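Reviewing the structure listed below.
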Amino acid sequence: MCCSSRRWERRGAGPGCAGVVGLVLVAYCVVSYIYRHILKTVLLGQMLSLFICGTAVTSQYLAEQYQVNTPMLQSFINYVLLLLVYTTILAFRTGDDSLLKILKQRWWKYLFLGLADVEANYTIVKAYQYTTLTSVQLLDCFGIPVLMALSWFILRARYRLIHFIAVAVCLLGVGTMVGADILAGRQDSEGSDVVIGDVLVLLGASLYAISNVSEEYIVKNLSRVEFLGMVGLFGTIISGLQLAIVEHRDIMRIQWNWKIALLFAAFALCMFGLYIFMPVVIKVTSATSVNLGILTADLYSLFFGLFLFYYKFSGLYILSFVIIMVGFILYCSTPTQTAEPTAMPQPHSTGLDNAGLKLEENDNQMPPFAAALNHEAAAAVIRQV
């Protein structure tokens, strides 16, 4: 019996009180442990939103100030950076995770993934030429239910009622943001062909969902370096070919100067940062929670637009940000379950896809203070019996 338990007995409290106090302290440590990880998840999601905001602001500045509309060229630069860094790492590896081995075993899968990723980026940007900002913002949310459906069937994710409520809250926040845009007069263009634009948005959202689910599977079952290296390889090839076909004339018309070059570099760095950090965030959360978290990217872009493009401010922007964050935190507050496969589960599979909120069953991954108190409380209960 520990010294603290003896003191309790001398005071007449008995060993039972020590067990109760120990259990209360264990519960406090566990709850604190969970909410630290929720905070970590929220902060990581907003970091990704800021990267997306950087790509949006630099692209819009290029388009409005210098009449440069080359989304494929901008994506191509990002894929080349991934190729130079991560595909090179794979090229120097040996064994089963070497570049040649990966290409031999599953090249066609990464070809499909690279195609989905490249065309998702291209179709969303292209849609702005045909439809309105409202349509893009609303229809882009179509990717979230598609992502949840793909996660259900491919990743065996099992959602609870609170997750569907959280998604509904986030979509309500998006609706509030769109209403703020309308009231602020940002819907100046009706679009040249709304139907084509809307179809492009739905297609791009679906392709993003396919890309994100594939990314989650790869980073949780294979490796982040393999995902980035193969996306860099096939993304460079596909975007390079498409660039030569659809944008070569636009590139020839660019009047290059140091400001345009700086904007291209800023876009490339933001996109590169998004690609290298998103697998890290997805690995500790899930693709669905990441997509909910980055719904705030449009709001960050709007806040920057107040100073760069002289947008009108509306209090509904703040309200929409708060609503989206409430929905995101609500989603992260409860881990989604993973259905057990019929075959023997992989050693790294723990039955929860929101790893940032997992409570491991072994004491090695519990906070040391909580683990010690857990043993002490258990011993006190046994002594009572």
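Details
- Rounded FRET efficiency, nearest 0.05, which uses the C-beta distance separating V85 from K259 and R0 of 35 Å: 0.85
- Take H248: with every protein chain present and a 1.4 Å probe, its accessible area is about 90 Å².
- Rounded if a/c under 1.5, otherwise prolate or oblate - the range 227-280, Cα gyration tensor axes: oblate
- Take the Cα of D97, go 7 Å toward its beta carbon, and the backbone nitrogen atoms of the range 227-244 under 18 Å from that spot belong to 227-233.
- Taking a ≥ b ≥ c as the square roots of the eigenvalues of the Cα gyration tensor, the range 251-348 is classed as oblate, since a/c reaches at least 1.5 and a/b does not exceed b/c.
- Whole-number Å³ per residue for the convex hull built on Cα positions in the range 35-103: 124
- Percent of Cα pairs exceeding the 12 Å cut-off, where the set is the range 67-115: 71
- Compactness of the range 183-331 as Cα Rg over 2.2 N^0.38 Å, two decimals: 1.25
- Spin-label model distance (nm) - I162 vs L43, 7 Å beyond Cα toward Cβ: 2.2
- Relative to the current alpha-carbon distance between Q129 and F112, full extension at 0.36 nm per residue lengthens the span by 3.5 nm.
- Length released on extending from Q337 to I245, taking residue separation times 0.36 nm less the Cα-Cα span: 28.6 nm
- Given charges at beta-carbon only (K, R positive; D, E negative), |dipole| of the range 189-296 in Debye: 400
- Label-point separation in nm, W152 to L183, each point 7 Å along Cα→Cβ: 3.5
- Between F307 and Y66, full extension at 0.36 nm per residue minus the direct alpha carbon distance yields a gain of 85.0 nm.
- Taking only the Cα atoms of the range 83-216, the radius of gyration and Dmax are 18.8, 59 Å.
- Note on K312: accessible area is roughly 140 Å² with a 1.4 Å probe, heavy atoms of protein only.
- Among the chymotrypsin sites (Phe, Trp or Tyr not before Pro) in the range 91-141, those located in a DSSP loop and surrounded by at most 13 other Cβ atoms within 10 Å of their own Cβ are F92.
The values are calculated or read from the model by the stated rules, or taken from the named source; none is laboratory data. Computed from a predicted structure; not experimentally measured. All Cβ positions, glycine included, derive from the backbone under ideal geometry; neighbour counts span all protein chains shown. Side chains included, ligands, DNA and RNA excluded: accessible areas come from the protein's heavy atoms. Shrake-Rupley method; radii C 1.70, N 1.55, O 1.52, S 1.80 Å.
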